[in-house]
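Trainee: Could you have a look at this structure, given as structure tokens, before my questions?
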């Protein structure tokens, strides 16, 4: 009964926090693309619209749209047949349909995955240490700002965190006690992870290491090999099923060809391209899966990375450690550090328990540190459930040893954690901890989805209405359409996708609204056009991602 009550309270609080957040935010830059691609996949069976992303989570978030008979998808004009993606997306969401209505339903599908991840986290902690530590860890999860930030968006980051964690959890259960339920769990979550994001391939070395450790401890090498073989076969069939057991990426005559792995891609990643071509010649995997992987790897090599005013086009090994330290609540950092110390002291439990928590975290985080994609802490979101488990270890030890002082300290830290998180509600994407002065200073350290993902256009309109501003000069980074929200503006440099006749010079003197991504230059390959405004005092800051300046004369 207590478990049911705990989960019910968690579900209620979690849904209040996430739903109230997404109703106040415009679409982030990736959501319109993902949602449109998911609907095209479901409606037409065409996987060429968004080749470089895997289909499952896109289709999952688009699933409610299939039950809406009035959703309009126009594939009968030149925009569709010529593969002009952004014009097609803009028309689908903001012209032919009600974007917020579609997005609200899609975002709630991610909220459901957030609830599932929380339930899995509670279940594992409960099996390891009992009800009170599990409730404590679930409380940490419920108010973790990075989890909340991505649990209310129609993107892939929360989903892949859920599926990776579910895979490891059911693997642990399978090694403790083999059963049909545990086997089905590990097979299902592993397959869903591989259908959701290419980064889930890091699960392969994670599972190899964990199964090797299991074999070393139990000497049941046949069971380990059998499980590995089952994972490979089940996942292989699942990949084909996701693409309709069809090698071709789209139906005949669909008129949209997104297979674009050309000479430049082959030059950038020759080995990966050669392997993909070899697989395609033998039709070993669906064409969209192999060529999508090639395209994803190639695109990842050309993303700008921003850190403390410096932009570069290659990865920094310290990017994710630094982002983790300044975007994770201070109380959680303290608990995590204490949990690591407990793990170090109680090494007798490593093979049976801690290895399944520590090794996936270390392998995933270590792999991310070697990558060139440094555009947001969201790319290491899968480590957070494991971080939360470790953060719960001190309380589990205190409960078992009945040390009331430690229990009180842990409870206080949970309260501090919740308070630090709720102070930024509903702007969880822009959360920065008090080690750097909170979210108001976030733009001094990081950009991209760490603070500005285009989510505050709706809030900009509210500010304009409240302040009596009829028109504004706008340099907005995002894919939500300003016209849809009634924002009357002059489109400045960095806002080209919405300017029907091209960008214009600002109307000065006047108000200039600049997204942090444009302000730092991270969105324009290091262009410092707006840098002079960084030293100016804004008259308003919208959700920490859009800064508004009163400007009398040209600043450039």
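Trainee: May I ask you to list the residues in the stretch 488-511 that are modelled with pLDDT of 85 or more and under 28 Å from the mean Cα position of the chain (by Cα)?
Mentor: Across the stretch 488-511, the qualifying residue is only 493.
Trainee: Would you say residue 466 is at pLDDT 95 or above, assigned to a helix (DSSP H, G or I) and farther than 18 Å from residue 151 by Cα?
Mentor: yes
Trainee: Run residue 518 past the list (1) more than 28 Å from the chain's Cα centre (by Cα); (2) closer than 25 Å to residue 424 by Cα and report the number of the one that doesn't hold.
Mentor: Just one mismatch for residue 518, condition (1).
Trainee: Now a separate question. Tell me yes or no: at least one residue of the stretch 472-479 is over 28 Å from residue 319 (Cα atoms) and in a helix (DSSP H, G or I).
Mentor: Scanning the stretch 472-479, I find no residue that is over 28 Å from residue 319 (Cα atoms) and in a helix (DSSP H, G or I), so the answer is no.
Trainee: Among the helices (runs of 4 or more DSSP H) lying completely within the stretch 2-72, list those that include at least 1 residues that are out of contact with any helix residue (DSSP H, G or I) (no Cβ under 7 Å at 6 or more places or on another chain) and at negative phi.
Mentor: Correct list: 2-22, 31-44.
Trainee: Search the stretch 298-324 for residues that are farther than 20 Å from residue 436 by Cβ and pair each with any residue that is assigned to a strand (DSSP E or B) and modelled with pLDDT of 85 or more when their beta-carbon atoms are under 6 Å apart and the residues are at least 6 apart or on different chains.
Mentor: From residues that are farther than 20 Å from residue 436 by Cβ, the pairs are 304/311; 312/305.
Trainee: If a residue must be touching a helix residue (DSSP H, G or I) at 6+ places or on another chain (Cβ under 9 Å) and surrounded by fewer than 13 Cβ atoms within 10 Å (Cβ to Cβ), how many such residues does the stretch 223-232 contain?
Mentor: Residues meeting the conditions: 1.
Trainee: Now for a different question. Would you tally the residues in the stretch 309-346 being closer than 16 Å to residue 446 by Cβ and modelled with pLDDT under 90?
Mentor: Residues flagged as closer than 16 Å to residue 446 by Cβ and modelled with pLDDT under 90 within the stretch 309-346 amount to 5.
Trainee: Among 167, 174, which is the only one that is part of a helix (DSSP H, G or I) and either surrounded by fewer than 23 Cβ atoms within 10 Å (Cβ to Cβ) or modelled with pLDDT under 95 (or both)?
Mentor: None of the others qualify; the one that does is 174.
Trainee: A further question follows. Could we say that residue 510 is under 17 Å from residue 444 (Cα atoms) and either surrounded by fewer than 17 Cβ atoms within 10 Å (Cβ to Cβ) or touching a residue at least 40 places away in the same chain (Cβ under 8 Å) (or both) here?
Mentor: no
Trainee: Please find, within the stretch 430-439, the residue that is farthest from the chain's Cα centre (by Cα) out of those that are part of a helix (DSSP H, G or I) and surrounded by 20 or more Cβ atoms within 10 Å (Cβ to Cβ).
Mentor: Here the residue is 439.
Trainee: A further question follows. Any residue in the stretch 493-507 that is buried (at least 23 other Cβ atoms within 10 Å of the Cβ) and touching a helix residue (DSSP H, G or I) at 6+ places or on another chain (Cβ under 6 Å)?
Mentor: No, because not a single residue in the stretch 493-507 is buried (at least 23 other Cβ atoms within 10 Å of the Cβ) and touching a helix residue (DSSP H, G or I) at 6+ places or on another chain (Cβ under 6 Å).
Trainee: Still on this model: Six or more apart or on different chains, Cβ under 6 Å: which pairs go from a residue in the stretch 523-541 that's surrounded by 15 or more Cβ atoms within 10 Å (Cβ to Cβ) to one that's modelled with pLDDT of 70 or more and in a helix (DSSP H, G or I)? Could you list them?
Mentor: From the stretch 523-541, the pairs are 523/517; 530/518; 530/519.
Trainee: So in the stretch 269-308, with the set limited to residues that are within 19 Å of the chain's Cα centre (by Cα) and outside any helix (DSSP H, G or I), which one is modelled with the highest pLDDT?
Mentor: Going through the qualifying residues, I end up with 306.
Trainee: What do you reckon, is residue 213 surrounded by fewer than 20 Cβ atoms within 10 Å (Cβ to Cβ), in contact with a helix residue (DSSP H, G or I) (Cβ under 7 Å, 6 or more places away or on another chain) and within 30 Å of residue 71 (Cα to Cα)?
Mentor: It is false that residue 213 is surrounded by fewer than 20 Cβ atoms within 10 Å (Cβ to Cβ), in contact with a helix residue (DSSP H, G or I) (Cβ under 7 Å, 6 or more places away or on another chain) and within 30 Å of residue 71 (Cα to Cα).
Trainee: Of all residues in the stretch 542-556, count the ones that are in contact (Cβ under 8 Å) with a residue 40 or more places away in the chain and over 28 Å from the mean Cα position of the chain (by Cα).
Mentor: 5
Trainee: So, one more: Regarding the stretch 80-101, can at least one residue be identified that is surrounded by fewer than 21 Cβ atoms within 10 Å (Cβ to Cβ) and within 30 Å of residue 9 (Cβ to Cβ)?
Mentor: Scanning the stretch 80-101, I find at least one residue that is surrounded by fewer than 21 Cβ atoms within 10 Å (Cβ to Cβ) and within 30 Å of residue 9 (Cβ to Cβ), so the answer is yes.
Trainee: How many of the residues making up the stretch 268-289 are in contact (Cβ under 8 Å) with a residue 24 or more places away in the chain and more than 25 Å from residue 313 (Cβ to Cβ)?
Mentor: 6
Trainee: Across the stretch 314-346, which residue is farthest from residue 380 (Cα to Cα) among those that are out of contact with any strand residue (DSSP E or B) (no Cβ under 9 Å at 6 or more places or on another chain) and part of a loop (DSSP other than H, G, I, E, B)?
Mentor: Out of the qualifying residues, it is 346.
The values are calculated or read from the model by the stated rules, or taken from the named source; none is laboratory data. Keep in mind the model is a prediction, meaning the values are calculated, not measured. Using ideal geometry, Cβ is built from the backbone for each residue, glycine included, and neighbour counts are taken over all protein chains shown.
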